[in-house]
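The values are calculated or read from the model by the stated rules, or taken from the named source; none is laboratory data. None of the values given here were measured: they were computed from a predicted structure. No Cβ is skipped: glycine too gets one built from the backbone with ideal geometry, and neighbour counts run over all protein chains shown.
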Amino acid sequence: MADQDPTAQVTTSPEKTSRLEIIITVLLGAATVLGALAAYNAALWGGELQSSYAKSIAGTNEANTVYLEALNDLSAFEMNDLRDDIMYTQWKDNNAKGDVEDANYFFSKLSPGFQKDLLDDPQDVSAYEKEQQEQLDSINAQFLLANRQHDTADSLMARGNTANKHGDDFTLCTVLFTVVLFFLGLASLKTKPVIQYTYVILACVIFLLSVIRLVTIPFPG
C-alpha cells in the first residue's frame, strides 16, 4: 500500500495541472479579446469627443459673431432712432417759428424714410414706423438665431462630455483586463499550486467585474 501512494500522486498531479492550464489559456484569450474591444471603443468615444468639442467650439464662435453683429445693429438702430427723434423735434419747432433755414437743416439730417413720410404727409409717419419695426424685428431674429446656435453648441459640449466619460470607462475596462492578463501570466509560472490558484481566482474575480462593467457602458453609435 505504501508503494501505491506516490504513484497515485504522480497520476493525479498532471491532470490537475492540465485543467489549470486550460482555464488560464481560456481566460487569457477572453481577456485579450475583451481588452482589445474595450480599447477600440475607448478610441471611438475619443473620436466622438474630439468631433463634438470641435463642433461646439465652432458653433459657439459663430453664435458669438451673430450676437455681436446683432448687438452692433441694435446700437446703431437706437442711435439712429434717437437722432431722428431729436432732429424731428428741432425741425418741428423751427417750422412752428417760421425759421425755414434751420428747419430745412434739421430736415436734411432725418432718415430718408422719415423725410419721405413727412414730405407726403407731415401727420402720417406710419411707413417710417413700419420700416423701423422691420429693422427691429430683423435684429431680434439675429438674437434668436444666436441663442439657438448657443443652445446647439451647449448640446454638442454636453455630448462631448458624455463621450469623454464613456471613453474613460472603456479605458478603465482595458486597464482591468490588463491586470487580468498580469495575474494569469503569474499563474502560468511554475510555482506552488496554491499560489497559482490564488492568481487564477484573483484573475477570475477581476475578469468578471470587468465584463459586468463593460456590458453596462454604451457602445459608440
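Just the residues that are at pLDDT 85 or above and either among the polar types (S, T, N, Q) or touching a His at 6+ places or on another chain (Cβ under 9 Å) (or both), please, taken from segment 70-110.
Asn72, Ser75, Asn80, Thr89, Gln90, Asn94, Asn104, Ser108
Ser18: assigned to a helix (DSSP H, G or I) and either under 46 Å from the mean Cα position of the chain (by Cα) or modelled with pLDDT of 95 or more (or both), yes or no?
Criteria not met by Ser18.
Might you check whether a residue that is closer than 30 Å to Asp168 by Cα, at pLDDT 95 or above, of a type in the set (S, T, N, Q) and assigned to a helix (DSSP H, G or I) occurs anywhere in segment 24-31?
no
Touching a helix residue (DSSP H, G or I) at 6+ places or on another chain (Cβ under 9 Å), at pLDDT 95 or above, closer than 30 Å to Tyr197 by Cβ and surrounded by 14 or more Cβ atoms within 10 Å (Cβ to Cβ): which single residue out of Ala42, Ala38 fits that description?
So the residue among Ala42, Ala38 that is touching a helix residue (DSSP H, G or I) at 6+ places or on another chain (Cβ under 9 Å), at pLDDT 95 or above, closer than 30 Å to Tyr197 by Cβ and surrounded by 14 or more Cβ atoms within 10 Å (Cβ to Cβ) is Ala38.
If we only count helices (runs of 4 or more DSSP H) wholly inside segment 111-221, which ones have 2 or more residues that are under 34 Å from the mean Cα position of the chain (by Cα)?
Output list reads 126-187, 193-216.
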